[in-house]
Amino acid sequence: MPIRLLVADDHGLLRAGLVALLNAETGMVVVGEAEDEHSAVSLTVEKKPDIVLMDISMPDSGGIEATRRIKQLVPEARILVLTVHEDKGLMQEAIRAGAMGYILKRAIKSELVNAIHAVMRDELYLHPAMARLLFLEGPSPTPQETQLIPEQLTFREIEVLRLIARGYTNSQAAEKLHISVRTVEYHRSNLTTKLNLRSRSELMRYAEEKGLI
């Protein structure tokens, strides 16, 4: 029996390329495509794929929330995160949500195939670059700093908020946390959405009120 896969990614061209690549691989077949969190969840429930390839940056609540919902509705589902975000905090959050693997989109075909087979064997798979990040520690929020922070914020979002409050640019924050600028922008976007704030000055004012400066 071939490994049945569902591909969840909001970028149509990338999704089409992944579908073509996987369908051309012996022993694999794509049984569904999803472009947002809602369709990823509903198609997993409907199609019961062996593995869901899940992007993190998708419309609605994103891939991590989709992973969490899928594991609630289809506990046997295996989820392999496929993302551009080289972020230890996001990786840990995805695994806590139920993902069995975390691989970067810059991986070559053989790495992706190996990751799929590893997850199919119920093994945890981490892209080598992400495994190395486990040994790199960024600044962790102190109990005093997290005491008044809303529970819906992740530790990484608090770290990014703290650096923004201290005047770091996106590139400086990325270097400090050993992540990409794009990932900092992703966390900053989440902060503005969750806190209903729109500008850097509003984020800085909020952080000052919470004692992060």
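The values are calculated or read from the model by the stated rules, or taken from the named source; none is laboratory data. Everything quoted here is computed from the prediction, not taken from an experiment. All Cβ positions, even for glycine, are placed from backbone atoms using ideal geometry, and neighbour counts span all protein chains on display. With ligands, DNA and RNA removed, areas are computed over all heavy atoms of the protein, side chains included. Shrake-Rupley method; radii C 1.70, N 1.55, O 1.52, S 1.80 Å.
Points worth noting:
- Test set (1) at pLDDT below 90; (2) out of contact with any helix residue (DSSP H, G or I) (no Cβ under 6 Å at 6 or more places or on another chain) - residue 91 fails condition number: (2)
- Flag if residue 112 is buried (at least 18 other Cβ atoms within 10 Å of the Cβ), under 25 Å from residue 79 (Cβ atoms) and at pLDDT below 80: no
- The sole residue among 208, 151, 145 that is in a helix (DSSP H, G or I), modelled with pLDDT under 80 and loosely packed, with under 13 Cβ neighbours inside 10 Å is 208.
- For residue 1, the conditions (1) modelled with pLDDT under 95; (2) hydrophobic (A, V, I, L, M, F, W, C); (3) surrounded by fewer than 17 Cβ atoms within 10 Å (Cβ to Cβ); (4) not in a loop (DSSP other than H, G, I, E, B) are fulfilled apart from (4).
- Residues of the stretch 4-16 that turn out to be surrounded by fewer than 18 Cβ atoms within 10 Å (Cβ to Cβ) and either among the hydrophobic types (A, V, I, L, M, F, W, C) or modelled with pLDDT of 95 or more (or both), as a count: 4
- Unique match (being under 22 Å from residue 186 (Cα atoms), in a helix (DSSP H, G or I) and touching a helix residue (DSSP H, G or I) at 6+ places or on another chain (Cβ under 6 Å)) among 64, 56: 64
Quick grid of which residues meet (1) modelled with pLDDT under 95; (2) open to solvent by less than 10 Å² (accessible area, probe 1.4 Å); (3) on the phi > 0 side of the Ramachandran plot:
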residue: 44; (1), (2), (3): no, yes, no
residue: 52; (1), (2), (3): no, yes, no
residue: 57; (1), (2), (3): yes, no, no
residue: 62; (1), (2), (3): yes, yes, yes
residue: 66; (1), (2), (3): yes, yes, no
residue: 75; (1), (2), (3): yes, no, no
residue: 84; (1), (2), (3): yes, no, no
residue: 95; (1), (2), (3): yes, no, no
residue: 101; (1), (2), (3): yes, yes, no
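- Take the conditions (1) among the β-branched types (Val, Ile, Thr); (2) more than 20 Å from the chain's Cα centre (by Cα); (3) modelled with pLDDT of 85 or more; (4) open to solvent by less than 20 Å² (accessible area, probe 1.4 Å); residue 169 misses just one of them, which is (4).
- Any hit, the stretch 11-27, residues being closer than 29 Å to residue 192 by Cα, within 18 Å of the chain's Cα centre (by Cα) and either assigned to a loop (DSSP other than H, G, I, E, B) or polar (S, T, N, Q) (or both): yes
- Residue in the stretch 93-113 that is more than 30 Å from residue 181 (Cα to Cα) and of a type outside the set (S, T, N, Q) present: no
- For the stretch 30-42, the set of residues classified as open to solvent by 50 Å² or more (accessible area, probe 1.4 Å), in contact with a Pro (Cβ under 8 Å, 6 or more places away or on another chain) and at pLDDT 95 or above is empty.
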